[in-house]
1. Show me the strands (runs of 3 or more DSSP E) found entirely inside the range B:510-619 where at least 2 residues are hydrophobic (A, V, I, L, M, F, W, C) and open to solvent by 30 Å² or more (accessible area, probe 1.4 Å).
2. State whether one or more residues within the range A:348-363 are under 17 Å from B:E230 (Cα atoms), facing chain B (nearest Cβ under 9 Å) and free of Cβ contacts under 8 Å to residues at least 12 places away in the same chain.
3. Would it be correct to say that B:V686 is more than 14 Å from chain A (Cβ to nearest Cβ) and either under 28 Å from A:D625 (Cα atoms) or among the β-branched types (V, I, T) (or both)?
4. Here are the criteria: (1) part of a loop (DSSP other than H, G, I, E, B); (2) under 22 Å from B:D450 (Cα atoms). Tell me which single one B:T401 does not satisfy.
5. Yes or no: A:E73 more than 23 Å from A:V212 (Cβ to Cβ), of a type outside the set (V, I, T) and touching a Ser or Thr at 6+ places or on another chain (Cβ under 6 Å)?
6. Looking at (1) farther than 13 Å from A:V582 by Cα; (2) free of Cβ contacts under 8 Å to residues at least 60 places away in the same chain; (3) of a type in the set (A, V, I, L, M, F, W, C), find the lone condition where A:V504 falls short.
7. Out of everything in the range B:638-661 that is under 26 Å from the mean Cα position of the chain (by Cα), under 20 Å from B:G699 (Cβ atoms) and not aromatic (F, W, Y), what residue ends up being nearest to the other protein chains (Cβ to nearest Cβ)?
8. Does the range A:355-391 hold any residues that are surrounded by fewer than 14 Cβ atoms within 10 Å (Cβ to Cβ) and at pLDDT below 95, and which are they?
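The values are calculated or read from the model by the stated rules, or taken from the named source; none is laboratory data. Please read all numbers here as calculations on a predicted model, not as lab measurements. Counting neighbours? That spans all protein chains shown, and the Cβs are built from the backbone with ideal geometry, glycine included. Side chains are part of the model used for accessible areas, which takes the heavy atoms of the whole protein and leaves out ligands, DNA and RNA. Shrake-Rupley method; radii C 1.70, N 1.55, O 1.52, S 1.80 Å.
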2 protein chains.
Amino acid sequence: MTADAAPANAGFASLDALVRPRSVAVIGASDEPARIGGRPIAYMKERGFHGEIWPVNPKRATVQGLTAFPSVEALPAAPDVAIIAVPAEHAIPTLDSLGKKGCRAVIVFSAGFAEMDAAGAEAQDRLTAVAKRHGIRLLGPNCLGVFNDSIRFYGTFTASFEKGWPVPGRIGVASQSGAYGTHVFAAALDRGLGMQVCITTGNEAEVALGDVLGWMAQAPEVDVICAYAEGIRESAQFIAALELARRNRKPIVMMKVGRSQLGGAAAQSHTASIAGDDAVTQAVLDEFGVVRARTTEEMLDIAYAASRRIYPARNTLGVLTVSGGAGVLISDAAEAAGIAMPPMPEAAQEKLRGLVPFCAPRNPVDCTAQVTNNLPLITEFAESVATDGGYTSILSFWSQTAAGRSVGPALHQQMRAIRAAHPDRLWVMSMLAPNKTADYEADGWVCFEDPSRAVTAIAAMGQYGASFAKAEQPRAAVPLPKVVLPETTPSEAVAKALLAEAGVPAVPEHACSDSEAAVAAAAQIGYPVVLKILSPDILHKSEIGGVLLDVANAEQVKQGFATLLDRARHHAPAARIEGVLVAKQIPTKGEGAAVEMALGVFRDPVFGPVAMVGLGGIFIEVLKDVAFRRCPFDTMEAERMVRSLRGFPLLDGARGRPKADVAALAKALSALSAFAAAAGPRLAGVDVNPLLVLPDGQGCFAADAVIELQAAR
Amino acid sequence: MTADAAPANAGFASLDALVRPRSVAVIGASDEPARIGGRPIAYMKERGFHGEIWPVNPKRATVQGLTAFPSVEALPAAPDVAIIAVPAEHAIPTLDSLGKKGCRAVIVFSAGFAEMDAAGAEAQDRLTAVAKRHGIRLLGPNCLGVFNDSIRFYGTFTASFEKGWPVPGRIGVASQSGAYGTHVFAAALDRGLGMQVCITTGNEAEVALGDVLGWMAQAPEVDVICAYAEGIRESAQFIAALELARRNRKPIVMMKVGRSQLGGAAAQSHTASIAGDDAVTQAVLDEFGVVRARTTEEMLDIAYAASRRIYPARNTLGVLTVSGGAGVLISDAAEAAGIAMPPMPEAAQEKLRGLVPFCAPRNPVDCTAQVTNNLPLITEFAESVATDGGYTSILSFWSQTAAGRSVGPALHQQMRAIRAAHPDRLWVMSMLAPNKTADYEADGWVCFEDPSRAVTAIAAMGQYGASFAKAEQPRAAVPLPKVVLPETTPSEAVAKALLAEAGVPAVPEHACSDSEAAVAAAAQIGYPVVLKILSPDILHKSEIGGVLLDVANAEQVKQGFATLLDRARHHAPAARIEGVLVAKQIPTKGEGAAVEMALGVFRDPVFGPVAMVGLGGIFIEVLKDVAFRRCPFDTMEAERMVRSLRGFPLLDGARGRPKADVAALAKALSALSAFAAAAGPRLAGVDVNPLLVLPDGQGCFAADAVIELQAAR
């Protein structure tokens, strides 16, 4: 952790009482260990909670052998945390009593709120209001609760512990779904992964996923975070949590469902969640280096590998294999995962060829099954891969050889030594030797049967490393322009002027009220020019023939001016005509042509203004080839967005074109993002389409722009 | 199997002696069970080979307790199969002796052939020649051999059996790599999958992967085939094998490595293989419904699910889940895998809501954890999903609930009954209950912990089903045109004429030697027209200004004719000028514009002529958005290729365009494929670029075409 992380941590620590309590009251406590109100008590009794358990039950003197209290009021003190396990209709008064007693952290198991119907949603609003009035951090309702095995606190009614108790380890789970959160826990347990903290947020009436992620980002109980989300409901805490986790070098691997349209529909029928726009969530996750898991298995693979806490900032993969075929397979997987596999230095290759004549020492380094006849060669190969190759991650493929009666022990001994000699590397073993895995893991190795899964996990470690390194670089804040939005939706000319002032250049143009002014303007701009009718009442100029291209000289400007006025009078007799716009004509065909881009901003209900960039026309409409980013962002980030487009080669000299002015495009995109951030919530959206990007050094120009404002409320 | 499969099977049955021998000679037999020449004997002795074992060793009277023979000549008879485990330099004379003895199947373990160097490649050629002279089916050299556990035949020196012997089951492995083939076997064994036949082909001097696949396609020992390939070396047997496997409803799941550029490089350094073009291999696999696995784990998942032999021709997925979150996750995975999840009928949804008020019965059908309090509801839900929903595949998600002390047994009992009532469905369980898996499997369920892996496997079963169904439809052979290729590379006009004759229409045009003829031609074609200089010596017309567009009337034709002749004389004084080509000008902009496509054919060294189609310009060059297919193919297949393009919406009315004449395009593409198939090996390639596709009903026209011929040999 860096020193300046401390202040940001403070806010999230307000969840300490929820996750790390010294006293727990259970309202609706049951004497039956299998009932919802009985389970937390049964679990904590069995495992020895490091604190006091206060059952509340008006009908019993004892609950599961513990002294019971007849009411909240009768409790000996305000509990650090209270669990509400009573029917929904009693939850609100109970919460109020707890607040009055001084309790400031409550877990509500009770269902029947927003997940149910409109009346439930209303009840949930009242519940939230009571919590806020008392300053209570409230988890749920309709949640499966929390456990923190490090203090044997089980504020949950999950049945997962039937499978077994958590094993030591610092993987935390933060999940909006109780069933899924405990599914991950159970799957981790089957794999022997240490997942000791699990927090499920249910309906998120008060505590939301961001709070929980933030708590984990600052809690010593957690090194690695597995998160499950259906939709992000609030952004401030969520963003702060991602930022803090990154600063504290704690990787987050997230399963965000609702990626598909089908999934999106199911997510909405499942909860009262705003599913949000998946693309926006993806952009936010990318921003903070959160790796998105495609499957639960992948989530656990990544969390498992991350537990080694080796996150190379510039990840390279060296592969040592006894099977050439597996080497090719691994190379395919590495390319797909975007992880570099630079070749071994020539001299090292030469040396290895000297050891095993028909080895393939490039990378993958195929030492061939020959080494199993001369076992000390294994160390020579592995040492060369580590030292000569200098890879940050090393994947060692041995298949069932690692389980062999003769080779197995010798291999293990050598692998242990090589790993100990280079503890800074991420050492990953791919072998079919289930009964050897624990031994290798004890030596600090990460073990996968399937080499492709190993590659995915290794690639993720590099993504975390790169993101952590990025967070450490000092970054200047993006300066925001002063933006004064007009009262009503501005015309194209006003929109372009506003944007130009903010740093998004517009095509040079002049509004001219008479033909002489138009000729003068054209001369100043340079021929050819475009003429457009200028009227606040004519929105779709081209439909009435209101745009003239290729206007080449003064005579044509005069003629064109007259033609446009004629057409306007004829097609839109009632329109107020202000004159004609004379604009520079940017070539979009032939030598020196501009590339048409589309820039935009829209307002995401959770994350606020989000900017978009794409190549114009078919790229956006047919291929959905666009990049998104929360506003504002700097030009470096803008350029990264542009370069991420599949169609980027079109800007980069494909098909013999000159390279386009990507720097100017990035500057305009960043400026647009700053404009949107500065404009505030009245800005509904911006479309700059097309933005014409000229060859390198010649800039870019908005040829059209629309600014939309929120309807007045 | 269908009755007419028999004749095609006959050829592949020639491998019977290799895989199903009654007598085995081991040349280079060792008394040491751990040595390469000792292992096959040790394995067969331990497990009781259903036949005779004849060790050949001139220095010993017995080998591992068996009578040894001093030479091949001394053998009591010709063995069904012989294993050559002697150094490379002795392999050829040994093979010759075996041939003379009458042996017709040989496995060569010996290394030191084409995988080594040029001298080795030459030795391999001699080995092959000896095998062919004797009519021997030769596996290897440099291969790990074969095993067929059903008769306890282990013609292999793999050390994999240290892990355990094969378990019963009918998954076969065909692998070019010995290490990878046995890796798959070992990984399968760890999962308890029955993989009793494994054939590794090594250097493929004679028997290649296609022969092995073909043998498995007709062998009763194998229901499901796992294949590993680095490069396909021959096509006839390979194609016949894929065809036969499909006809016999045996799914093939293939790991084809060398997908990446990196992988491709590694594959070439690893073996003497021609890696071939991965895209072409992919097209061939698609043609025959071979599913390509991305990872070994996925290969085994698919093979495991396929062992149930339920392959729905029109696959639909119904999901029954206790977790809404998992339901969303599964929906995402299903959409990504392209498997349909139609909703439950309204009435059924109503009924289920009556059973559990807050269930989500659409599909995924989330019965919620409520059912664990009222267990008979499980059957009601499952029965409704099967009967009302009518899904062909049903994924049932229970996470750790399935392992629960109370719920577990009741769930299992109900799931067993429901599966028994609907044995035609593919029933898949996703649960975290390792110790229950075997019970469910015994009842015919397929079990996966991870629901995403389950979805991938289910989707593959549907791909097989669709492919098997397609194979059963009668298909007319594609009629081939009569093609007479010219002696030398034809001009554009000749190329277009040849293609037009074969059914690829060219833009209407006339070669005119004088200005009057040009005017007459233009009048016939209709204005506007394009004029192009016509000369066998001017290949790049536009570079000398030799193309005039928008020629609108007779006067302009006359002027244009003169202009072109002037320009040709000026820029290419030595060129022979034949006149001017007058062609219909097809609009590519504005209303009624044509869509520019690119069609082509190239000759793959293994699979022969392969056709390609893509949208013109950036789509091909920047996005590599193209589809490939072996020639010839019918219009239905051609249309499928066109529809598979990412840019297909551009032909289908995107951006307010009229729909393009896709039927004409498909017809032209199919005709091009027939042309290429008929033209024979002298045809090196064809480029039709652009092919202009007009709006629906108006046809398509080749605007330019190049035919390349093989250089004379």
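1. Of the strands (runs of 3 or more DSSP E) lying wholly inside the range B:510-619, those with at least 2 residues that are hydrophobic (A, V, I, L, M, F, W, C) and open to solvent by 30 Å² or more (accessible area, probe 1.4 Å) span B:547-551.
2. Looking for residues that are under 17 Å from B:E230 (Cα atoms), facing chain B (nearest Cβ under 9 Å) and free of Cβ contacts under 8 Å to residues at least 12 places away in the same chain, one finds none in the range A:348-363, hence no.
3. On the way: more than 14 Å from chain A (Cβ to nearest Cβ): yes; either under 28 Å from A:D625 (Cα atoms) or among the β-branched types (V, I, T) (or both): yes.
When the stated conditions are applied, B:V686 passes them.
4. (1)
5. Working: more than 23 Å from A:V212 (Cβ to Cβ): yes; of a type outside the set (V, I, T): yes; touching a Ser or Thr at 6+ places or on another chain (Cβ under 6 Å): no.
So A:E73 does not fit the description; no.
6. Result: A:V504 passes all but (2).
7. Going through the qualifying residues, I end up with B:L645.
8. A:P357, A:N373, A:N374, A:P376
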